[in-house]
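The values are calculated or read from the model by the stated rules, or taken from the named source; none is laboratory data. Model, not experiment: these values are computed from the prediction. Here the Cβ positions follow ideal geometry from the backbone for every residue, glycine too, while neighbour counts run over all protein chains shown. Note: areas computed on protein heavy atoms with side chains; ligands, DNA, RNA excluded. Shrake-Rupley method; radii C 1.70, N 1.55, O 1.52, S 1.80 Å.
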Amino acid sequence: MADFSERVGANPGRAGHRLAVEAGRIVYNTREALAEFFNAPDPLRIVFAANITEAINICLHGLLEPGDHVITSSMEHNSVIRPLRYLEKAGVAVSVAQCTPEGELDPEEVDKLVKPYTKMVVINHASNVVGTLLPVREIGRICRRYGLLFLVDSAQTAGAYPLDMKKDFIDLLCFTGHKSLYGPMGTGGVAIGNRVATDALRPLKQGGTGSHSEKEEQPDFWPDALESGTLNVVGLSGLAAGLSWLREQGVAKIRRQEQKLVRKLLAGLEELKGVTVYGTKNATKQTGVVSFTLRDISPSEAGLRLDEESGLLCRVGLHCAPLAHRTIGTFPQGTIRFGLGAFNTSEEIEEAVRAVYQLTKRS
Amino acid sequence: MAGQGFSVFLFQSSSYALRAEKLLAQEKIRSKLIPVPRSLSSDCGVCLRTGRADKKKAIMVMEKNSLRFEQVHDLK
Ligand SMILES: Cc1ncc(COP(=O)(O)O)c(C=O)c1O
């Protein structure tokens, strides 16, 4: 990113000079890296947005019309359920497939909600509250069987768990740069499969694209149609760096490492008295997110004390996902959540468990 | 004489031109992104210049990858 800012600093696709071309190349290379990473059909079907929230909005507002029916899960983040509830007021029918209190989803629950006018299924790949993985491939298969579009919110998994648009039958793979893709905040987007026609997706915004500048109408081809306004090129150059680091490491290796840490954290927390752990409590069925509550201390107080007394930073409360907390039975007080990444160590897990133990002991 | 001079490919957007540049490089075809000559279009973007001798091969590579270009011109 520093390299881009010092050496390039030009606006891609807005001029023909050398530095503008270089900026364009950085953006294009990021598209290509993402297309390869997700096994997307075409780098030009990678559309960038400010974050996954914007990407999800681009897809839902762009594709759903009054009279359409959409199926989602009861473990969704607000970035999915809020646009859907908004669209519901405009006449889009929304069904919520019920997940278990552990956050798991039986594909059958989706299957039985399909109606003749169902257009799309929208689910997260893993919950940001308890980390539980949803059966993306099985649900993707159901979507293909009924000819439905399949949108996956990969915020919690892209980079941490293998994902493949073709094998998982995903039509719209939304991603955010700043989590397990190890990119900076302010980057994200959607990889769009070949089953989505360019003219089926209405652009959320219109404006300058650097292409067809002589026309007053919005271009009708991707990615331009969906990318009005200057892109976050500095951020995208950082995302490209994150992706190339991921490629070196390999997602499988990162996954193995995280799984080991999660197993250790789960085992450590479950031994403590007065601690309730949520989710499947099975490291093979979840990502690097572990949620728990303490019998005698509220999540907000626990969060503050973990920070002040042990320097442990965790997110407490509802995690922008009240629906998911209702599903696991922790609404409205929420949980304390530890999020692990590729840079965490076994010692840190021990430290975290010790810190939680200290809390339970003194309360 | 055929095979001398340059050809330029115009695309609907610079993203397409950048993809073309990559695809041609993979096939060892030399190309360069240059500002669109004013005589060809009023658009402000870039186009891809190749040797005229490589024009046919470049077209084949783009067709094989379903990459659409808008126009191709031989430069005088
Ligand atoms: C499952 C899920 N979806 C969406 C989001 C929203 O991400 P962003 O804020 O990058 O748009 C998050 C992150 O909080 C998430 O965990």
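So, A:Glu76, is that one touching a residue at least 24 places away in the same chain (Cβ under 8 Å), at negative phi and either within 16 Å of the ligand (Cβ to nearest atom) or not hydroxyl-bearing (Ser, Thr, Tyr) (or both) or not?
yes
Can you tell me which residue is nearest to the other protein chains (Cβ to nearest Cβ) among those in region A:317-341 that are more than 14 Å from the ligand (Cβ to nearest atom) and surrounded by fewer than 19 Cβ atoms within 10 Å (Cβ to Cβ)?
By that ranking, first place goes to A:Arg326.
Within region A:71-80, identify whether any single residue is more than 25 Å from A:Arg137 (Cβ to Cβ), away from chain B (no Cβ under 14 Å) and of a type in the set (D, E, K, R), and answer yes or no.
Within region A:71-80 (the criterion being more than 25 Å from A:Arg137 (Cβ to Cβ), away from chain B (no Cβ under 14 Å) and of a type in the set (D, E, K, R)), the answer is no, since none of the residues qualifies.
Are there any strands (runs of 3 or more DSSP E) wholly within region A:253-363 with 1 or more residues that are within 24 Å of A:Glu104 (Cβ to Cβ) and touching a residue at least 40 places away in the same chain (Cβ under 8 Å), and if so which?
Output list reads A:275-277, A:289-294, A:335-339.
What's the number of the condition A:Gly210 fails, among (1) within 14 Å of chain B (Cβ to nearest Cβ); (2) within 16 Å of the ligand (Cβ to nearest atom)?
(2)
Regarding region A:73-92, can at least one residue be identified that is open to solvent by 20 Å² or more (accessible area, probe 1.4 Å), hydrophobic (A, V, I, L, M, F, W, C) and under 30 Å from A:Pro322 (Cβ atoms)?
Within region A:73-92, one or more residues are open to solvent by 20 Å² or more (accessible area, probe 1.4 Å), hydrophobic (A, V, I, L, M, F, W, C) and under 30 Å from A:Pro322 (Cβ atoms).
Go through region A:16-38 and give me each residue that's free of Cβ contacts under 8 Å to residues at least 60 places away in the same chain and open to solvent by less than 30 Å² (accessible area, probe 1.4 Å).
Within region A:16-38, A:Gly16, A:Ala20, A:Val21, A:Gly24, A:Tyr28 qualify.
Any residue in region A:42-50 that is under 18 Å from the mean Cα position of the chain (by Cα), within 16 Å of the ligand (Cβ to nearest atom) and more than 14 Å from every other protein chain (Cβ to nearest Cβ)?
yes
Tell me, which residue of region A:101-124 that is open to solvent by 10 Å² or more (accessible area, probe 1.4 Å), more than 16 Å from the ligand (Cβ to nearest atom) and touching a helix residue (DSSP H, G or I) at 6+ places or on another chain (Cβ under 8 Å) is farthest from the other protein chains (Cβ to nearest Cβ)?
Among residues in region A:101-124 that are open to solvent by 10 Å² or more (accessible area, probe 1.4 Å), more than 16 Å from the ligand (Cβ to nearest atom) and touching a helix residue (DSSP H, G or I) at 6+ places or on another chain (Cβ under 8 Å), the one farthest from the other protein chains (Cβ to nearest Cβ) is A:Pro101.
If you check A:His61 against the conditions, is it open to solvent by 10 Å² or more (accessible area, probe 1.4 Å), within 16 Å of the ligand (Cβ to nearest atom), touching a Phe, Trp or Tyr at 6+ places or on another chain (Cβ under 9 Å) and not small (Gly, Ala, Ser)?
Here the answer is yes, as A:His61 does meet what is asked.
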